[in-house]
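Colleague: Pasting a structure below so you can have a look.
What follows is calculated from the coordinates using simple rules that are stated; it is not laboratory data. On a predicted model such as this, the values are computed, not experimentally measured, just so you know. Every residue, glycine among them, receives a Cβ derived from its backbone with ideal geometry; neighbour counts consider all protein chains shown.
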Amino acid sequence: MIDESRFRQVMGHFASGVSVVTSAHEGKLVGLTVSSFTSLSLSPMLVLVCVNLQSASHATLIAAGQYAVNILSEEQEYLSRRFASHESEKFTVGTYTLSPRGLPLLNGTLAQIECRLHTTLPGGDHTIFIGEVVAASCSEGRPLLYYRSGYHHLGV
């Protein structure tokens, strides 16, 4: 048998990019750091993120019916930490803009992907949010990586 501690240790050996999922509903902005993000399908264009059921952002993501994925650059570890915290004010003036769809997009990220919620699926203690990509942009830079419980930079 494998226990939770061992599972975490083993999964920590998989390096992942760091992204912040953001949304807005009825004037309330929400966001959280996620490492479980991936592309799912090219036709239709789908991506997925996994969100803990206990996350303060969970209900708002469902109610909003849309979200954005902000892929962080290596200079944005502070954003990852802020959006992973229980801090009530994660959005500060000048650090984001609202898209034409009303989604908060973080400034200076490597990429921003706006999604309309396509479906949700149960995933144990998480919900799998599958989003249809409706807009996307990217810029040059280097990614922030998460590996073995710590932040790292691409050594290229």
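Colleague: Between the stretch 112-156 and the stretch 42-105, what is the C-alpha centre distance in whole Å?
Modeller: Here the answer is 9 Å between Cα centres.
Colleague: Sequence-distant or interchain residues sharing an amide H contact under 5 Å with residue 96, placed H: which?
Modeller: HN-HN under 5 Å from residue 96: 107.
Colleague: Another question, then. HN-Hα J couplings of the stretch 108-122 from phi, Karplus 6.51/-1.76/1.60, θ = phi - 60°, integer Hz, Gly and Pro as x?
Modeller: So the J values, rounded to whole Hz, are x, 7, 6, 7, 9, 10, 9, 10, 9, 4, 8, 6, 10, 9, x.
Colleague: Report the full-extension gain for the segment residue 84 to residue 149: residue separation times 0.36 nm, less the Cα-Cα distance, to one decimal in nm.
Modeller: Contour length minus Cα-Cα distance gives 22.1 nm.
Colleague: Let me ask something additional. Estimate the FRET efficiency between residue 125 and residue 93 by the formula 1/(1 + (r/R0)^6), using the beta-carbon distance for r and 35 Å for R0, to the nearest 0.05.
Modeller: Plugging the Cβ-Cβ distance into 1/(1 + (r/R0)^6) gives 0.55.
Colleague: Could you pull out the chymotrypsin sites (Phe, Trp or Tyr not before Pro) across the stretch 1-42 that fall in loop regions by DSSP (anything but H, G, I, E, B) with no more than 11 other Cβ atoms inside 10 Å?
Modeller: 14
Colleague: Which of 141, 102, 94 ends up with the largest GNM mean-square fluctuation for the chain, with Cα atoms connected below 10 Å?
Modeller: Of the options given, 94 has the highest mean-square fluctuation.
Colleague: Right, another one. Quick check for me: using +1 on Lys/Arg Cβ and -1 on Asp/Glu Cβ, what's the dipole size of the chain about its Cα centre, in debye to the nearest 20?
Modeller: Taking the Cα centre of the chain as origin, the dipole is about 40 debye.
Colleague: Continuing with this model, one more query. For every helix of n ≥ 4 consecutive DSSP H residues, a contribution of -39,500 (n - 2.57) applies; sum these over the chain, divide by its total residues, and give [θ] at 222 nm rounded to the nearest 500 deg cm²/dmol.
Modeller: Calculated at 222 nm, the ellipticity per residue is -4000 deg cm²/dmol.
Colleague: Moving on. Output wanted: per-residue J couplings in Hz (rounded whole) for the stretch 70-81, from phi through Karplus 6.51 cos²θ - 1.76 cosθ + 1.60, θ = phi - 60°, x for Gly and Pro.
Modeller: Going residue by residue, I get 10, 8, 7, 8, 4, 7, 10, 4, 4, 5, 4, 5 Hz, with x marking Gly and Pro.
Colleague: If amide hydrogens are placed 1.01 Å from N in the peptide plane, which non-local residues have theirs closer than 5 Å to the one on residue 142?
Modeller: Here 74 satisfy the definition.
Colleague: May I ask you to list the GluC sites (Glu not before Pro) in the stretch 40-145 that are in a DSSP loop and have at most 16 other Cβ atoms within 10 Å of their Cβ?
Modeller: Hits after loop and neighbour filter: 74, 75, 87, 89, 140.
Colleague: Tell me, what ³J(HN,Hα) does each residue in the stretch 123-134 have, in order and in whole Hz, if you take phi through Karplus 6.51 cos²θ - 1.76 cosθ + 1.60 with θ = phi - 60° and put x for Gly and Pro?
Modeller: Working through the residues one at a time gives x, x, 8, 10, 10, 8, 9, 9, x, 8, 6, 10 Hz.
Colleague: What nm value, rounded to one decimal, do you get for the distance between residue 28 and residue 137 when each label is placed 7 Å out toward the C-beta?
Modeller: Result for the modelled spin labels: 2.8 nm.
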